[in-house]
Amino acid sequence: MDNNLNKSNAKRFLDAYNNIDYALKTRYNLNRAMGFSDLIRKSVVNNYIVRKYEDELIDYGRLRNAIIHNNNEDFIIAEPHDAVVEEIEHIEKLLTTPPKALDTVGNKNVLVTYAGKSMREVIMLMASSNFSNIPVYKDNQLIGVANGQKILNSMGQYMLSGGKCYSFLDNVQIEDMLSSLQNSNYYVVKKADCTVEEALNEFYNNHKLLAILFTKHGLNTEMPLGIMTGANVAEAQKILEDY
């Protein structure tokens, strides 16, 4: 049975508002006495949903004060419109019971390769699988992600320095290429329970991010259960809109 059937719009609105307030303060360990507007502004940096609905949530904080009298939720002086209630309940659902990235977006059929493989072997694996991001392991430890664009860039640099294409393909191992990269912030490893919102926030905060690997406990010593790439961002956003 729908628990909202016998509730007024004001009661539904206040329940959703209070749940959002509690969820954000608990998640980010913020002061319980913090005002709602300050809470939203504090959470914007870390939360894709809050960032997306920041203006609406600020407005809802003001509306909450117009609905009740003297901070007494038993004394209702206004009833919000149906559309307003439905939207704040949607935001509440996204913040309190968000969908998991591993369950809804990305690829669970993760192809991996190993440190000793030649660049030719890795490139042929990418071509045959149509995967442009392939995790690379050495002794059951993730050492990086083979990415098509980075391989192309590395081969170009190799040739510019006087190396031959065939030498790069057959004599350079994927481990060698990965060790030559200037940074490793183009991929991250997250726990299997990572939410769609958390995954989107990773892409938002790191514009160089190409892939998120999901493992059971978010450790580099675990095999991937799934992968999400930049190509999945639009799909993930649509999932949240329809959730």
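With respect to the numbered conditions (1) under 14 Å from the mean Cα position of the chain (by Cα); (2) in a loop (DSSP other than H, G, I, E, B), which one is the sole condition not fulfilled by K238?
K238 satisfies all of (1) under 14 Å from the mean Cα position of the chain (by Cα); (2) in a loop (DSSP other than H, G, I, E, B) except (2).
Kindly indicate whether Y48 is modelled with pLDDT of 95 or more, under 14 Å from I88 (Cα atoms) and surrounded by 15 or more Cβ atoms within 10 Å (Cβ to Cβ).
no
Any residue in the range 91-106 that's closer than 13 Å to C194 by Cα: show its pairings with residues that are assigned to a loop (DSSP other than H, G, I, E, B) and modelled with pLDDT under 95 at Cβ separation under 8 Å, as long as the two are six or more apart or on different chains.
Here the result reads P98/Y243; P99/Y243; L102/K108, each pair linking the range 91-106 to a residue that is assigned to a loop (DSSP other than H, G, I, E, B) and modelled with pLDDT under 95.
Pick from L39, L95, L57, L111: which is surrounded by 13 or more Cβ atoms within 10 Å (Cβ to Cβ), modelled with pLDDT of 95 or more and in a loop (DSSP other than H, G, I, E, B)?
That would be L111, the only listed residue that is surrounded by 13 or more Cβ atoms within 10 Å (Cβ to Cβ), modelled with pLDDT of 95 or more and in a loop (DSSP other than H, G, I, E, B).
Does any residue of the range 77-91 turn out to be small (G, A, S), surrounded by fewer than 18 Cβ atoms within 10 Å (Cβ to Cβ) and within 23 Å of I20 (Cβ to Cβ)?
yes
Counting just the residues of the range 114-132 that are assigned to a loop (DSSP other than H, G, I, E, B) and surrounded by fewer than 16 Cβ atoms within 10 Å (Cβ to Cβ), which one comes out modelled with the highest pLDDT?
In this case the residue turns out to be G116.
Can you find a residue in the range 167-185 that is of a type in the set (F, W, Y), more than 30 Å from T96 (Cβ to Cβ) and not in a loop (DSSP other than H, G, I, E, B)?
Yes, because at least one residue in the range 167-185 is of a type in the set (F, W, Y), more than 30 Å from T96 (Cβ to Cβ) and not in a loop (DSSP other than H, G, I, E, B).
Hey, can you tell me all the residues within the range 203-237 that are among the small types (G, A, S), more than 21 Å from R51 (Cα to Cα) and crowded, with 16+ Cβ neighbours inside 10 Å?
Hits for the range 203-237 are A211, G226.
Return the residues of the range 66-91 that are more than 38 Å from the chain's Cα centre (by Cα) and either at pLDDT 95 or above or not in a strand (DSSP E or B) (or both); say none if nothing qualifies.
Correct list: N70, I77.
The values are calculated or read from the model by the stated rules, or taken from the named source; none is laboratory data. All values reported here derive from a predicted model rather than from experimental measurement. All Cβ positions, glycine included, derive from the backbone under ideal geometry; neighbour counts span all protein chains shown.
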